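Presented below is the structure to which this report refers.
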Amino acid sequence: QVQLVESGGGLVQPGGSLRLSCAASGRTFSNYAMGWFRQAPGKERELVAGISWSGSITYYADSVKGRFTISRDNAKNSVYLQMNSLSRDDTALYYCNAGATIATMAGSGYWGQGTQVTVSS
């Protein structure tokens with residue numbers, strides 16, 4: 001069964017860092033774009049970062065640009081999100097996903113269960 005499993009979330013202080021991981025099983029996603037989404041209470045799910053299958057193209061939401069870095073390791077069938085300089089506005093449930101392209105990724109059905117990131121002092 002195809003499955004994406006997110007991990008690495010937790011409670012951190014403002015200004016801290018976390019590294020999220022997303023491990024895929026059931027099939028290889030080496031030829032898929034992959035990315036990270038987040039959803040905060042009362043808000044719609046938003047695309048945080050995306051990366052093409054080759055890693056040659058990346059996208060970041062303006063709110064995280066310069067602070068977050070997405071990467072992937074196709075040999076491990078995984079995608080990562082390095083999160084630095086975290087603020088309370090980054091508190092959300094973070095999901096990974098995969099799709100034919102970054103643009104169409106949100107409409108795919110490969111959502112994981114999510115990992116909670118809470119930024120608080």
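Which whole-number percent is the relative contact order of the chain (Cα, under 8 Å, 6+ apart)?
The value is 36 percent.
What's the ranking of 66-77, 83-94 by average number of surrounding C-beta atoms within 10 Å, highest first?
Per-residue mean Cβ counts within 10 Å order the peptides as 83-94, 66-77.
With contacts defined as alpha carbon pairs under 8 Å and 6 or more residues apart, what's the relative contact order of segment 53-121 in percent?
Details: 75 pairs, mean separation 17.1, N = 69.
RCO, segment 53-121: 25 percent.
Report the residues of segment 91-121 in range of a label on SER54: point 7 Å along Cα→C-beta, backbone N strictly under 17 Å from it.
100-103
In square angstrom, what is the accessible area per residue of the chain with a 1.4 angstrom probe? Don't skip to the end; give the middle numbers.
Working: 6220 Å² over 121 residues.
Value returned for the chain: 51 Å² of accessible area per residue.
Say each of THR104 and SER7 gets a label point 7 Å from the Cα, pointing the same way as Cα to Cβ; how far apart are those two points in nm?
With each label point 7 Å from Cα toward Cβ, the separation is 3.2 nm.
Once amide H atoms are placed 1.01 Å from N in the peptide plane, what residues at a sequence separation of 5 or more from GLY114, or on another chain, have their amide H within under 5 Å of its amide H?
GLU6, CYS96
The values are calculated or read from the model by the stated rules, or taken from the named source; none is laboratory data. Values in this document were obtained by computation on a predicted structure and should not be read as measured data. Positions of Cβ are backbone-derived with ideal geometry, glycine not excepted, and every protein chain shown enters the neighbour counts. SASA here: full protein model, heavy atoms, side chains in, ligands and nucleic acids out. Shrake-Rupley method; radii C 1.70, N 1.55, O 1.52, S 1.80 Å.
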